[in-house]
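Worksheet: the structure to be examined is printed underneath.
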Number of protein chains: 2
Amino acid sequence: MPSYTAPTQDMQFLLHEVLDVTASGIPGYDELEPDFTKAVLEEAGKISSEVLEPLNMVGDREGCVLENGVVRTPKGFKEAFDQMRDGGWTALDCDPEYGGQGMPYILNTAVGEMFVSSNMAFNMYQGLTHGAYSAIHAHGTDQQKQTFLPKMVTCEWGGTMNLTEPHCGTDLGMLRTRAEPQPDGTYKITGTKIFISAGDQDLTENVIHLVLARIPGAPDGTKGISLFIVPKIAVNEDGTLGEPNGVSVGKLEEKMGIHGNATCVMNFENATGTLLGQENKGMRAMFTMMNEARLGVGLQGYAQAEAAYQNAVEYARERLQGRAVTGAQNPDGPADPLIVHPDIRRSLMDQKSFVEAARALVFWGANLIDRGHLLGDKDAEGLISLITPVIKGFLSDRGFDMTVQAQQIYGGHGYIEETGMSQFVRDARITMIYEGANGVQALDLVGRKLAQDGGRHVMAFFEMIKDFLKENETNTELKEAFLDPLKQASKDLQAAGMFFMQNGMKNPDAALAGSYDFMHLFGHTILGLMWAKMARAATAALERGTGNADFYKTKLATGRYYMARQLPMTRTHLARIETGADPVMTLSADQF
Amino acid sequence: MPSYTAPTQDMQFLLHEVLDVTASGIPGYDELEPDFTKAVLEEAGKISSEVLEPLNMVGDREGCVLENGVVRTPKGFKEAFDQMRDGGWTALDCDPEYGGQGMPYILNTAVGEMFVSSNMAFNMYQGLTHGAYSAIHAHGTDQQKQTFLPKMVTCEWGGTMNLTEPHCGTDLGMLRTRAEPQPDGTYKITGTKIFISAGDQDLTENVIHLVLARIPGAPDGTKGISLFIVPKIAVNEDGTLGEPNGVSVGKLEEKMGIHGNATCVMNFENATGTLLGQENKGMRAMFTMMNEARLGVGLQGYAQAEAAYQNAVEYARERLQGRAVTGAQNPDGPADPLIVHPDIRRSLMDQKSFVEAARALVFWGANLIDRGHLLGDKDAEGLISLITPVIKGFLSDRGFDMTVQAQQIYGGHGYIEETGMSQFVRDARITMIYEGANGVQALDLVGRKLAQDGGRHVMAFFEMIKDFLKENETNTELKEAFLDPLKQASKDLQAAGMFFMQNGMKNPDAALAGSYDFMHLFGHTILGLMWAKMARAATAALERGTGNADFYKTKLATGRYYMARQLPMTRTHLARIETGADPVMTLSADQF
């Protein structure tokens, strides 16, 4: 059975040496002193290793069951959920007005990584609730907030997002769920929603569904969609629970992974709901949460890779098989450990160098979100909006690949479910799909985000790299290993953007045919930037002679690996992009 | 539920226009007239679509069950197996002396692709039997052949390979299963083997296990391993079945995929066996089958991709979602089909251009094997030995990736088991692991095959490309789109080989750190060669004006895609290889 150790040292390094959070002037960040964050992270790490991780395989094996219309979660989930709630973990970054602890989002993100690494399916119950909380917090009336938020902050009530219908996922403009206005100002919601994560469960006494639906007479397409709050059980004026609403679980889906989370077909039959936000502005209300939700999925991608990697390293250290080509390393044993073999190390370095940079990127993203929310920094908002599809698409793609690599280290044992390595792969697979399939992320990036605000944000991104290169140009430690490859990657990314500008206007297909490669090209470049920043912090610490020198040296070696062996992918992505539309568009639909 | 259509037209193109089999002068190939192969392929396609494919999901869902020590295969498997046997499909390329049909291996390979695409787990029962048949055929005494082969040709008896033990997979030198010689010339076999595919089943009346074991006093390591024939039920002198042997199934493994195939822990307790081949030469006997077995796994990789691709195309044509960026293509419908979107096409082209070239490679590989076996062509044997790790490792890696891409086309529906797309991914995953994990294939390629016979075979491979480029240099249809990229890829591959020669001698880690990239660099180059050959055949046909012009034009467009968008990967692989040992070897084991 896999084990999990929270990477608190690496998180502390990011918070305090790379991002230097307490010095950033963001309201609330002054509380994030190293001792405080250390204590929080260690406590969260403890519950992750001791409570959540042991339930991860249980969740996978047992799955959820639909009994008499009610979802039963796997054995132990309820007790663990109570523990999370009692420990205040569900309320960490929530508004103190509704019982939250008011911590910055970045701290919630760090803690969330641990929860996701140790038990992704379990953590989704709380994650979805948090998403619904955020939507009500941002768009609800005072009445709605008072009614729902205090119970959602504590996860006494759960929350969900109901978007997808059988005939439409990405293309929500086609959705058919109806919302009939009632004389009392409420609406009767009728329709079927599918793929509803955490759609029902036995962990909370109520479930607050957010449902996209169409009010009769609303405009066609996405401009006629509204968002509704539809509780599973009606909530009385005094906050007590009333009668069951017209909400039922039609079916539990059998999925490739995340078995511990109930993916439901939800039937709404004249269910009473109230409008959240403005009529016909439901898509906009959903989109305000999109950056966080997508950042969260990118996090899931690398968090699964982190968990898989930890176990792969452990196995590679212990499993004896073959001899090092340069001479026995364990001459008294029957064979050397796997970790002596160059190709095993190549795979482990791929994993390690990805995960650490991905973590840096997501922490930075959370930092930008805080900057936007708490400082009203529009540039930060623009930048996170630009890189959100990269975080979601690239980190989930690569995170999945890394779980496959970690599984591969185990050889045949990795294919057997009892080692748990298959579960990491199967669970990670969903991150490439939900919250906007990765092809849609690429489309969002190239078709929308690049040109947003006149291309200001992508220009600012390039400026940021340029400034970084300039600031550090005299740093000989960084020059060859970090700055030069970063410069090359950035050049490739700019060349790709230039190609889109020159060709995409006359033929949009010429840009969209390269959108997926662009997302990956951007991803590698941005992880290159993360590595350069981490390398700068590590060299500075080594110069100062403070802290754990071994940690910084390992950090530098891991970064050098990424720059040398992963960053050259930008060349291939650019070459593909520059082939334009023809290779992709030539065949007719029946020639496939 | 997925469907499957046998790609007979593409197979006919390869057999008759690319490989021109009847003109090749290989004994038996004269029978492979187009009408004959067409009839065989269509018949095999029919049984694949109608009998095997409908059982594929059944096998996945039901799996195998161990009841009172006996394995029960999923519902319908027995009837389908009988049908395969009665149709003579298990005997296609077997020796007529033992009841086989004596067809060339290449025909068996084409037919095998269909069986694997439609039901990989099912086909393994027959595949493993065929492997054991080949070993006994190559190394058995007349007595052994007479006793076992006729029943194995018809699959009245099944066969297995017992190599792996709990503590050793790749490193078979450590194996502990004992074989005690008996006065009557037989041996008593005792030990535990794991991961035994098709280890037991209810499809055949007996199972003939081939077991690697150590005779007391044998040298340490792989030089002291012998191979034994150990039937599940003893076979009397007259060929009738006798008493059960000391062979039992200890456990059925729960796996990520191929649930329809029983992966067994096999316990041998004083089981009676006879030596197959020479004492202490068991590894050698196993290795004689290695090329075929590994080619078969490469085939499984792309055959799963083919099946997944077919369903992805179908879904992309039917699922309506979004509008083409260049204007509605289905203006009367609520949305356009997925296939109008550039990124969906990019993914489908990735899949299609991979599968068709992979098929060409495996058919060519089978052709080389026939050339070696039937003509005694040593050059062909050397070449197939060189490219076998590439076929196994590269095609299974990329085949798996393509099943993931096919699943992705389905969005959320791909993650739900009922569409069957997850099964392709889960089944394909094993091909990267078994028959030598892909890291071991890369090691075999770089550490052993490159230098084999003084590097003669890799030189011959480069010569072959050079000759091809020269022969076709005046072909303007091929020049820019096919020959130039192939030349560049071949240059990259040579540069990588040169790097190994210059650095690997003083530091083997410098070569082995790049072995995985080299395997992929080789794979892309060889698929580039396959595409160039197919393009030549297609342009020739278009010039002649014979056949289906649409087929040839599609072929050319698909090839141009691969050359333009996949082949540039060689640059990145070379760049990685040239970073040498340092990035990979720097960290100590505890710094990971």
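The values are calculated or read from the model by the stated rules, or taken from the named source; none is laboratory data. Every value quoted in this text rests on a predicted model; they were computed, and no experiment measured them. Using ideal geometry, Cβ is built from the backbone for each residue, glycine included, and neighbour counts are taken over all protein chains shown. The protein model used for the area step is the full one, side chains on, heavy atoms only, and it has no ligands, DNA or RNA in it. Shrake-Rupley method; radii C 1.70, N 1.55, O 1.52, S 1.80 Å.
All of (1) within 27 Å of B:I196 (Cα to Cα); (2) in contact (Cβ under 8 Å) with a residue 12 or more places away in the chain hold for A:G414 with one exception: (2).
Within the range A:399-458, being aromatic (F, W, Y) and either part of a loop (DSSP other than H, G, I, E, B) or more than 10 Å from chain B (Cβ to nearest Cβ) (or both) holds for A:Y410, A:F424, A:Y434. Checking each residue of the range B:309-317 against the condition of being without any contact (Cβ under 8 Å) to a residue 40 or more places away in the chain and in contact with a strand residue (DSSP E or B) (Cβ under 6 Å, 6 or more places away or on another chain) gives at least one match.
When A:V230, A:V265 are checked against the criterion of being in a strand (DSSP E or B) and surrounded by fewer than 22 Cβ atoms within 10 Å (Cβ to Cβ), a single residue qualifies: A:V265. The set of residues from the range A:488-527 being away from chain B (no Cβ under 14 Å) and touching a Lys or Arg at 6+ places or on another chain (Cβ under 9 Å) comprises A:S490, A:G523, A:L527. For A:D550, the test of being open to solvent by 50 Å² or more (accessible area, probe 1.4 Å) and within 14 Å of chain B (Cβ to nearest Cβ) is passed. Does the range A:544-551 include one or more residues that are under 18 Å from A:A360 (Cβ atoms) and not in a loop (DSSP other than H, G, I, E, B)? Within the range A:544-551 (the criterion being under 18 Å from A:A360 (Cβ atoms) and not in a loop (DSSP other than H, G, I, E, B)), the answer is yes, since at least one residue qualifies.
Say whether the condition of being among the aromatic types (F, W, Y) and surrounded by fewer than 20 Cβ atoms within 10 Å (Cβ to Cβ) is met by at least one residue in the range A:281-298.
Yes, the range A:281-298 contains a residue that is among the aromatic types (F, W, Y) and surrounded by fewer than 20 Cβ atoms within 10 Å (Cβ to Cβ).
If I filter the range A:374-397 for residues that are within 10 Å of chain B (Cβ to nearest Cβ), under 30 Å from B:S588 (Cα atoms) and either touching a residue at least 24 places away in the same chain (Cβ under 8 Å) or in a helix (DSSP H, G or I) (or both), do I get at least one hit? Yes, that holds for at least one residue. Quick check on A:L512: is it out of contact with any strand residue (DSSP E or B) (no Cβ under 6 Å at 6 or more places or on another chain) and open to solvent by 10 Å² or more (accessible area, probe 1.4 Å)? Yes. Has the range A:479-500 got at least one residue that is open to solvent by 10 Å² or more (accessible area, probe 1.4 Å), part of a helix (DSSP H, G or I), without any contact (Cβ under 8 Å) to a residue 24 or more places away in the chain and within 30 Å of B:A324 (Cβ to Cβ)? Within the range A:479-500 (the criterion being open to solvent by 10 Å² or more (accessible area, probe 1.4 Å), part of a helix (DSSP H, G or I), without any contact (Cβ under 8 Å) to a residue 24 or more places away in the chain and within 30 Å of B:A324 (Cβ to Cβ)), the answer is yes, since at least one residue qualifies.
Among the numbered criteria (1) among the small types (G, A, S); (2) open to solvent by 20 Å² or more (accessible area, probe 1.4 Å); (3) in contact (Cβ under 8 Å) with a residue 60 or more places away in the chain; (4) not in a strand (DSSP E or B), which single criterion is violated by B:G260? Every listed condition holds for B:G260 apart from (2). The condition (being in a strand (DSSP E or B), more than 19 Å from B:I233 (Cβ to Cβ) and not aliphatic (A, V, I, L, M)) is satisfied by just one residue among B:T192, B:T160, B:T170: B:T192.
Okay, residues lined up against (1) of a type outside the set (G, A, S); (2) surrounded by fewer than 23 Cβ atoms within 10 Å (Cβ to Cβ):
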| site | (1), (2) |
| --- | --- |
| A:G382 | no, yes |
| A:K392 | yes, no |
| A:S396 | no, no |
| A:Y415 | yes, no |
| A:T419 | yes, yes |
| A:V425 | yes, no |
| A:I430 | yes, no |
| A:Q441 | yes, no |
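Look through the range B:241-253, keep the residues that are touching a residue at least 24 places away in the same chain (Cβ under 8 Å) and either of a type in the set (D, E) or not in a strand (DSSP E or B) (or both), and return whichever of them is nearest to the other protein chains (Cβ to nearest Cβ).
First, pick out the residues of the range B:241-253 that are touching a residue at least 24 places away in the same chain (Cβ under 8 Å): B:241, B:245-253.
If we keep only those that are either of a type in the set (D, E) or not in a strand (DSSP E or B) (or both) too, we end up with B:245-246, B:253.
Working: B:N245: 25, B:G246: 24, B:E253: 5 Å.
Taking the candidates together, the pick is B:E253.
Listed here are the residues, each with its yes/no results for (1) under 23 Å from the mean Cα position of the chain (by Cα); (2) within 14 Å of chain A (Cβ to nearest Cβ); (3) farther than 27 Å from B:C94 by Cα; (4) modelled with pLDDT under 95.
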| site | (1), (2), (3), (4) |
| --- | --- |
| B:T154 | yes, no, no, no |
| B:D171 | yes, yes, yes, yes |
| B:T177 | no, no, yes, no |
| B:E180 | no, no, yes, no |
| B:D184 | no, no, yes, no |
| B:D202 | no, no, no, no |
| B:F228 | no, no, no, no |
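Please enumerate the residues belonging to the range A:574-586 that are open to solvent by 10 Å² or more (accessible area, probe 1.4 Å), within 19 Å of A:H524 (Cβ to Cβ) and more than 7 Å from chain B (Cβ to nearest Cβ). Across the range A:574-586, the qualifying residues are A:L574, A:E578.
Within the range A:140-149, the presence of a residue that is touching a Gly at 6+ places or on another chain (Cβ under 8 Å) and open to solvent by 40 Å² or more (accessible area, probe 1.4 Å) is excluded. Checking each residue in the range A:95-116 for being surrounded by fewer than 19 Cβ atoms within 10 Å (Cβ to Cβ), outside any loop (DSSP other than H, G, I, E, B) and of a type in the set (D, E, K, R) picks out only A:E97. Of all residues in the range B:459-477, those that are of a type in the set (S, T, N, Q), open to solvent by 30 Å² or more (accessible area, probe 1.4 Å) and assigned to a loop (DSSP other than H, G, I, E, B) total 2. Take the conditions open to solvent by less than 40 Å² (accessible area, probe 1.4 Å) and either farther than 16 Å from B:G127 by Cβ or at pLDDT below 95 (or both) and apply them to B:A303. Does it pass? For B:A303, the condition - open to solvent by less than 40 Å² (accessible area, probe 1.4 Å) and either farther than 16 Å from B:G127 by Cβ or at pLDDT below 95 (or both) - is not met. Residue selection: B:Y561 fails the criterion of being modelled with pLDDT of 95 or more, more than 9 Å from chain A (Cβ to nearest Cβ) and either closer than 27 Å to B:V362 by Cβ or surrounded by 22 or more Cβ atoms within 10 Å (Cβ to Cβ) (or both).
Residue-by-condition table, conditions (1) buried (at least 17 other Cβ atoms within 10 Å of the Cβ); (2) under 30 Å from B:I136 (Cβ atoms):
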position	(1), (2)
B:S3	no, no
B:A6	yes, no
B:D10	yes, no
B:F13	yes, no
B:H16	yes, no
B:P27	no, yes
B:G69	no, yes
B:P74	yes, yes
B:D93	yes, yes
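Among the criteria (1) open to solvent by 60 Å² or more (accessible area, probe 1.4 Å); (2) modelled with pLDDT under 95; (3) not in a loop (DSSP other than H, G, I, E, B), the one B:D238 does not fulfil is (3).
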